[in-house]
Amino acid sequence: MALMRIAVEGEPVLRTKAIRVRNVDESLRKLAGDMYETMIDAPGVGLAAPQVGVSRRLIVVHVPENYDGEVNPEYNFRLVNPEIVRGLGRQVGQEGCLSIPGWVADVPRYETVTVKAIDLDNKPVRIKARGHLARVLQHEIDHLDGILFLDRVEDKNTILQVTEEMYEEVAQ
Ligand code: NI
């Protein structure tokens, strides 16, 4: 496995709609492994393939146990062609992005989502998520459509420049 360079805002790959994966093969599994390692190293709680310069519909997620005051188990996902098939409710919470280092803002999201995808064994998966996990999944799936979290900010006054330590807690 290897660490990959993370693209930053301004690079066209972050604004390109990523293409669907047709084949889950060894090269995709290697990419997912490298992305996972890159996310953990950053550190961040999610990463989408366009963020490492690959315009394909693949995301990785790692939400640690009891993340940011919420009671939750550890979540680890590697999802191919993920889609939100249902979104309900509303939550507003702070987000950051590994591709927009040093900035956070409050972003409105669905409170709960159902995500359909396939896993690295080419098996269909369906995930029902709420709270942080739902937020991370929405943020990462947005990356596949060239959408960045700042695009979704409603209250511009919540956009803040932060120190590195503060930022690491929310980076996706
Ligand atoms: Ni991001």
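Brief remarks on what is shown
- Matching residues, region 31-59, being touching a residue at least 60 places away in the same chain (Cβ under 8 Å), away from the ligand (no atom under 12 Å from the Cβ) and farther than 15 Å from residue 13 by Cβ: 32, 43
- A count restricted to region 17-30 and to residues that are within 16 Å of the ligand (Cβ to nearest atom) and over 19 Å from residue 84 (Cα atoms) stands at 0.
- Checking each residue in region 124-135 for being closer than 15 Å to residue 86 by Cα and within 16 Å of the ligand (Cβ to nearest atom) picks out 133, 134, 135.
- Residues satisfying the stated conditions in region 52-101, i.e. surrounded by 15 or more Cβ atoms within 10 Å (Cβ to Cβ), under 21 Å from residue 114 (Cβ atoms) and among the basic types (Lys, Arg): 57, 78
- When residues of region 117-150 are limited to those that are more than 15 Å from the chain's Cα centre (by Cα) and of a type outside the set (A, V, I, L, M), the one nearest to residue 11 (Cα to Cα): 119
Here is a yes/no grid of residues against (1) more than 13 Å from the ligand (Cβ to nearest atom); (2) at positive phi; (3) of a type in the set (Lys, Arg):
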{"position": "105", "(1), (2), (3)": "no, no, no"}
{"position": "108", "(1), (2), (3)": "yes, no, no"}
{"position": "122", "(1), (2), (3)": "yes, yes, no"}
{"position": "143", "(1), (2), (3)": "no, no, no"}
{"position": "152", "(1), (2), (3)": "no, no, yes"}
{"position": "162", "(1), (2), (3)": "yes, no, no"}
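Each value in this text was obtained by applying a stated rule to the coordinates, not by laboratory testing. Keep in mind the model is a prediction, meaning the values are calculated, not measured. Heads up, the Cβs are rebuilt from the backbone with ideal geometry, glycines too, and the neighbour counts pull from every protein chain shown.
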